[in-house]
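What follows is a set of notes on a single structure, which appears directly below.
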Amino acid sequence: MSTLHTVNKSPFGDGALLSCIEHCKPGDGVLLIEDGVYGALSGSAISDAVVARAADVTFYLLEGDAKARGLPEGKLLGQVTPVGYDGFVDLVTEHDRSQSWL
């Protein structure tokens, strides 16, 4: 059974993303939304943790939230897949349950 984890807090002011990564099981997905999209920036304090778990956990980024925050595509981790709102809905249906990290 897989879980879709959604993280909406910036990893630079909150430990939700790191806690989420530590609790993920192989096959889970992590969707970065709202200020959580900052967790997809390469070269950040959290990027090593994301890259390390990308072998068995799939990371996604809500494109609209990244664009709203002006995140340049060239600065995003290659291990994070951008999705639109339709993709968000697909992810919810593809996983057995959802967990929000607030």
Could you run through region 41-79 and say how many residues are under 18 Å from His23 (Cα atoms) and either open to solvent by 60 Å² or more (accessible area, probe 1.4 Å) or of a type outside the set (Phe, Trp, Tyr) (or both)?
13
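Can you give me the number of residues within region 1-35 that are assigned to a loop (DSSP other than H, G, I, E, B) and of a type outside the set (Gly, Ala, Ser)?
The initial filter retains those residues of region 1-35 that are assigned to a loop (DSSP other than H, G, I, E, B), namely 1-2, 8-15, 24-28, 33.
Narrowing further to those that are of a type outside the set (Gly, Ala, Ser): 1, 8-9, 11-12, 14, 24-26, 28, 33.
Result for region 1-35: 11.
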Flag if Ser44 is assigned to a loop (DSSP other than H, G, I, E, B), within 12 Å of the chain's Cα centre (by Cα) and in contact (Cβ under 8 Å) with a residue 24 or more places away in the chain:
no
Let me spell it out: the conditions are (1) touching a Pro at 6+ places or on another chain (Cβ under 7 Å); (2) part of a strand (DSSP E or B); (3) hydroxyl-bearing (Ser, Thr, Tyr), and Tyr38 meets all of them except one. Which number is the exception?
(2)
Ile21 vs. criteria under 20 Å from Leu91 (Cα atoms), in contact with an Asp or Glu (Cβ under 7 Å, 6 or more places away or on another chain) and in contact (Cβ under 8 Å) with a residue 12 or more places away in the chain:
no
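The values are calculated or read from the model by the stated rules, or taken from the named source; none is laboratory data. Worth saying up front: this structure is predicted, and the values here are computed from it rather than measured. Cβ: placed from backbone, ideal geometry, glycine included. Neighbour counts: every protein chain shown. Accessible surface is based on the protein model in full, side chains and every heavy atom, while ligands, DNA and RNA are left aside. Shrake-Rupley method; radii C 1.70, N 1.55, O 1.52, S 1.80 Å.
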